[in-house]
Amino acid sequence: MHTSVLPLPRLTPLLLAVLVALSGCPAPTEVYTEVELDVTVPPETPANAQIFLQGTHPAFRTSARGLELFYQGGQLFSARAKLPEGKEVTFTAKMASPQEQVPLELSGQPAGSWRYTARADEEKAGFTVERWGPPEGLSGPRTVFLVTVPATTPPDDVIWLSGNQPELGEWNGAGVKLHKAMDNRYAASLSFQPGTLLAFKATRGSWATVEKDMLGQEIEDHVFRTGEGYEHVPFTVEWWADFGTMPPPQVRTGNIEYLFGVKPKDETLRERDVIVWLPPDYHENPSRHYPVLYMHDGQNLMDATTAAYGREWNVDETAQQLVEAGEVEPLIIVGVYNAEEERIAEYTPVPFPPKYEDAGRADAYGRFLVEELKPLIDSEYRTRPDAASTGLAGSSLGGLVSLYLGLEYPGTFTRLGVISPSVWWADRDILRYVEQYTGPTSLRIWEDIGTDEGTGPEAETVADADKLYQTLKAKGWKDADLKYTVVQGGRHNERAWSERFGDILRFLFPPTP
C-alpha cells in the first residue's frame, strides 16, 4: 500500500516563536561577547580623521554615522562592540572627515565588507585598511610621500615638498603642501607617469627653511623613480636650514673604556674594537661584581661620531639614567664593533646563495665571543660570569645572531635581546632552527618589531616576527620569560632602537630586591 507523506511547513521565526511558547519551553536567547575591533589604517591617513564602522548589526548603528573608532597611536584605531557569538556579521570602515572615503584594495578597487564571527574566548580582532578612496575606486598609479620631521619643528608650521616636476612646483620652494598624518608624519598623494624620476626636498615654505642633515649641512636631493601602482616614499628630515647649526651630538656618558684592536684567534675573523660601559658605582664599590650585556654593532651604541649615519642608540645615556633611578640592575655593557663588510657573514648562521653565498660565519663569531672575548672581559672587569647574569643583544641581523647564539650557548647567555630580527634570512631558516631546538626554555627573551620596518623579501616584517614568537611559544616559552612587542610606527633604524632600549633593559635586567 502506498502512503503519501505531506511536506512539513517551513518554520518561520514567528511560527517557531509561537510553537516554543505553546510548548512551555523558554525561547532561545543570543549570547553576546564584547570584542575589541582594531583597525590599522594606511600611514597617510589624516591625523584628524574621523573613522566609523558601518554594518547591518545594531552594534554598528550606535550613531547616524556608525560605530566610532578611537585613535590608539601609530596607525591603530579601535572600538569595542558586543557581538553575537557564533553568528557572522558584516561591516566596513568609512572615513567621515576630513573627507569621505572608503577602504580600497591596493589595486584601487573597492575593498568591500569584512566578515567576522565572534567567539567566547576571543577578546579582540584585527582588520586593515590598505588605502582610502572614493566609493567607485581609483585607477592609475599613485605615489604617497611620507615625511618625518624633527621633534623641534613648530607644530603649526606647514610642510611642503619642492622638486623637479610640475606637480612638485619645479623647485619653487613650496610645490605641494603636505597634510598632518598618522604617527606625527606629514603626507601627500600624487599621480605621475610610471618611470618618472623624481628629485625633491622638504621645506617649510621657502628655501630659507629647506631640510638639512643633522649637523645643519646641505644634503643631496631625495630621488625616486615611480612605478605603475600604489607606492609609499618615506623619508626623514633631520634638521631645518633656519634652525642654525645643530649642537654636536652628546657622546660617551658615564664610565666608558675601550679595548682596541681585539684580534680573534680565527684568522678568518677581523680584529675589532670593543667599547665597555661601566655602571655609575663601579669604581666606588670595588667589592661588587656585575652582570654583563654583550651587544653587537658596538660602534653604533654610545658614540654618534662612530655610529652609522651619525646616529647612536644612546645606550650609555639610557643605562646611566635607569641605573641611577633604580629601574634596572647595575650592569656592565660590552659593545662589540662589527667587522664592517664582514658584518653580514658574521651575523648569519647559514649562507643564503646566490647573493650571500659567502655568509654563514655566525659559529666562528660565536666561538670568538664565548671562548675569547668573554674570558677577556671577565678577567679585566668585575663581572658575574655565570650564564644567569649574562646577556646578548642586537638589532636586525644582530637580533638574528643574538637568538641563534643564545640557543647555541644557553650555558653562557640566558638574557637575549632579539631586536627587529632578520627572520627572512635564508628562507626563514631561524624558524626551522627553533623548531629543532632541544635545550632549556627558561632563557629570558625580548623580541620586538616595528610596523614600519619595510616590505619585500629582505625586510623585517611583523608577519615574520609573529611567526618567530609563535614558534618560541610552541617550544615551551612562557610569557614570564618571553616579551614580544610590536611597536606601532616603529622604523628600522638607530633612532627607533634608541627609543625602546630602555624597555629592553628593564625587561632583561630588572632591579634585584
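The values are calculated or read from the model by the stated rules, or taken from the named source; none is laboratory data. Quick caveat: nothing in here was measured; it's all calculated off a predicted structure. Virtual Cβ from ideal backbone geometry, glycine too; neighbours counted across all protein chains shown.
Once region 423-450 is narrowed to residues that are part of a loop (DSSP other than H, G, I, E, B) and in contact with an Asp or Glu (Cβ under 9 Å, 6 or more places away or on another chain), the residue that is surrounded by the most Cβ atoms within 10 Å (Cβ to Cβ) is Val423.
Residue pairs whose Cβ atoms lie under 8 Å apart, sitting 6 or more positions apart in sequence or on different chains, and linking a residue in region 392-416 that is in contact (Cβ under 8 Å) with a residue 24 or more places away in the chain and in a strand (DSSP E or B) to a partner that is among the basic types (Lys, Arg) and surrounded by fewer than 24 Cβ atoms within 10 Å (Cβ to Cβ), are Arg415/Arg444; Leu416/Arg444.
Consider Ala459 against the criteria (1) touching a strand residue (DSSP E or B) at 6+ places or on another chain (Cβ under 8 Å); (2) without any contact (Cβ under 8 Å) to a residue 40 or more places away in the chain: it satisfies all of them except one. Which criterion is unmet? Every listed condition holds for Ala459 apart from (1). Screening Gln470 against (1) surrounded by 16 or more Cβ atoms within 10 Å (Cβ to Cβ); (2) part of a helix (DSSP H, G or I) leaves a single unmet condition, (1).
The residue pairs whose first member lies in region 315-340 and is under 18 Å from Tyr365 (Cα atoms), whose second member is assigned to a strand (DSSP E or B) and among the acidic types (Asp, Glu), and whose beta carbons are closer than 6 Å, counting only pairs six or more residues apart or on different chains, are Tyr337/Asp273. Just one of the numbered conditions (1) crowded, with 19+ Cβ neighbours inside 10 Å; (2) not in a strand (DSSP E or B) is not true of Val147: (2).
Matching residues to (1) in contact with a Ser or Thr (Cβ under 9 Å, 6 or more places away or on another chain); (2) aliphatic (A, V, I, L, M); (3) farther than 22 Å from Pro264 by Cα; (4) part of a loop (DSSP other than H, G, I, E, B):
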position	(1), (2), (3), (4)
Ile344	no, yes, no, no
Asp363	no, no, no, no
Leu369	yes, yes, no, no
Ser379	no, no, no, no
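Listed here are the residues, each with its yes/no results for (1) assigned by TED's automatic domain parsing to the domain that holds Met302; (2) touching a Pro at 6+ places or on another chain (Cβ under 9 Å); (3) of a type in the set (Ser, Thr, Tyr).
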| residue | (1), (2), (3) |
| --- | --- |
| Thr414 | yes, yes, yes |
| Glu435 | yes, no, no |
| Thr441 | yes, no, yes |
| Gly450 | yes, no, no |
| Lys467 | yes, no, no |
| Lys473 | yes, no, no |
| Val487 | yes, no, no |
| Arg491 | yes, yes, no |
| Ser498 | yes, no, yes |
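A single member of Ala304, Ala339, Ala319 is in contact with a Gly (Cβ under 8 Å, 6 or more places away or on another chain), surrounded by 14 or more Cβ atoms within 10 Å (Cβ to Cβ), among the small types (Gly, Ala, Ser) and farther than 23 Å from Arg506 by Cα, and it is Ala304. Only one entry in Gly391, Gly399, Gly417 is surrounded by 24 or more Cβ atoms within 10 Å (Cβ to Cβ), under 19 Å from Gly360 (Cβ atoms) and touching a strand residue (DSSP E or B) at 6+ places or on another chain (Cβ under 6 Å), namely Gly399. Working only within region 179-233, note down all residues that are on the phi > 0 side of the Ramachandran plot and either in a loop (DSSP other than H, G, I, E, B) or buried (at least 17 other Cβ atoms within 10 Å of the Cβ) (or both). Residues satisfying the conditions are Asp183, Gly195, Gly205, Gly216. Which members of region 271-301 meet the condition of being crowded, with 16+ Cβ neighbours inside 10 Å and assigned to a loop (DSSP other than H, G, I, E, B)? Residues satisfying the conditions are Pro279, Tyr282, Pro291, His296, Asp297, Leu301. Checked against (1) surrounded by 15 or more Cβ atoms within 10 Å (Cβ to Cβ); (2) under 15 Å from Glu36 (Cβ atoms), Thr92 meets all criteria but (2).
When region 55-83 is filtered for residues that are over 23 Å from the mean Cα position of the chain (by Cα), part of a strand (DSSP E or B) and surrounded by 17 or more Cβ atoms within 10 Å (Cβ to Cβ), the ones remaining, listed by number, are Gly55, Leu67, Ala81, Leu83.
Annotation note: of Gly398, Gly411, the sole residue that is out of contact with any Leu (no Cβ under 9 Å at 6 or more places or on another chain), farther than 17 Å from Gly298 by Cα and of a type in the set (Gly, Ala, Ser) is Gly411. Would you check if Val210 is within 30 Å of Gly108 (Cβ to Cβ), modelled with pLDDT of 95 or more and β-branched (Val, Ile, Thr)? The answer is no for Val210.
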